[in-house]
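The values are calculated or read from the model by the stated rules, or taken from the named source; none is laboratory data. This is a predicted model, so every value here is computed, not measured. Keep in mind that these areas ignore ligands, DNA and RNA; they rest on the heavy atoms of the full protein, side chains included. Shrake-Rupley method; radii C 1.70, N 1.55, O 1.52, S 1.80 Å.
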Amino acid sequence: MVGVNGKQLRVGMIGYKFMGKAHSHAYRDVPFYFDSPLQPVLQVICGRDKAGVREAAEKFGFASWETDWREVIRRDDVDLIDVGTPNNSHAEIVLEAVRAGKHVICEKPLAMNLAEAVKMWRAAEESNVIHMISHNYRFAPAIQFAKKLIAEGRLGKIYHIRASYLQDWIMDPAFPLVWRLRKEVTGSGALGDIASHILDLARFLVGEISEVCGMMETFIKERPLGEMAGGLQAAREEGTGVVDVDDAAAFLARFENGALGVFEATRFAAGNRNKNKIEINGSKGSIRWDLENMNLLDVYFTDDEPGLQGFRTINVTESVHPYTGNYWPSGHIIGYEHTFISMMYELVKGIAEGKKVSPSFEDGMRNQAVLEAVEKSSEMKAWVSVSDLLHAALQGK
């Protein structure tokens, strides 16, 4: 197993905007909240814009900055590579990093396609490095508690999962054609960007998906040119271009354990800023969760006595709940940033102990297989087997 320098974990971050800010904050706070076996050190941050990355380095607290990601990977004073760049650069950076023996965390979706994801997973496994894909919503305490209830059999046999991720930030036809809306850079639109999150939650909570039947739609076909300007904001440029990714995707799924799934991801749900919502129904009960009220978990058990049956709302902030004992007293709610802190703690601990972490590149690869199956299903207007796609990709076909 690749080692680290003493009790430090020296981070080389590639990409410095939205996720760069979230990840940097998390590394800094891991030792504050957790008994961390390693001290994350913000060693170097990288971006193409010299002025922008220099400002990020100063603001986030990095010791140095670079404009060439290859230089970051070549540095002997870096143990972990954090990849937060646009999707079309993930594979090249990750493959170079694992060849250099660096541990890696990569933003989602893992790759542009399933073939790339398979190559990245294999390379990381063969290099014997710790690898993680950044699905931070797994680390909301309410989701971890839901996982515990399901694993204990409290919901019984799982019949259904309904999952939707709704946003509205590109509804304005004048919103620019940023990289997230260009297939050559992002691979897919709402499907890869936000459906990948609910797919990961579904696989984490319910199990593997066997087949899907989906549809995808692009509502606005042409937009003014432009680029991201921080967060989900954008700056316009001269000219227009064609939108060649989906604005929305919806699909049905069958799980290997017999459960049925209904999924929806769209950036055209007016009034929904970031509505990541799931409901799971089993033979003994149900759970409901919504990111916009992320500390609350609605739970229903069928064996409650008549007259008292109904969903109860649990404020998942007690010390007995996952991760919450490391933050604040009961009822003192946590936020979006804490999902990253808990995730980074698991990554740091895995590196320190030389143990695999979850979600890993294997999870990213399996998610990518479902995403690709949805795309094929939409094109073919038919059910597509996820396992067949994955098997073929693993065989190099």
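Tabulated results
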item: Percent carbon-and-sulfur accessible area, the chain, ignoring ligands, DNA and RNA, probe 1.4 Å; result: 49 percent
item: Solvent exposure ordering (accessible area, 1.4 Å, most first) of 213, 106; result: 213, 106
item: For the stretch 285-397: relative contact order, % (alpha-carbon pairs under 8 angstrom, 6 or more apart); result: 12 percent
item: Overall form of the stretch 321-389 per C-alpha gyration tensor (a/c, 1.5; a/b vs b/c); result: oblate
item: Exposure ranking of 384, 320 by accessible area [1.4 Å probe, largest first]; result: 320, 384
item: Candidate lysines for bridging to residue 376, where Cα separation is under 19 Å - those fewer than 8 sequence places away on the same chain excluded; result: 183, 397
item: Heavy-atom surface of the chain, accessible at 1.4 Å and reported per residue (Å²); result: 42 Å²
item: Estimated vicinal HN-Hα couplings, Hz - the stretch 38-54 in sequence order (Karplus 6.51, -1.76, 1.60; Gly, Pro = x); result: 9, 9, x, 10, 7, 7, 7, 10, 10, x, 6, 8, 4, 5, x, 6, 5
item: Spatially proximal aspartates and glutamates relative to residue 50 (Cα-Cα < 13 Å; intrachain offsets below 8 disregarded); result: 58, 66, 68
item: Heavy atoms of residue 154 accessible to a 1.4 Å probe, total area in Å² rounded to 10; result: 110 Å²
item: For residue 41, residues with placed amide H under 5 Å, excluding near neighbours; result: 9, 10, 11
item: Three-way shape label, the stretch 125-193, alpha-carbon gyration tensor, a/c 1.5; result: oblate
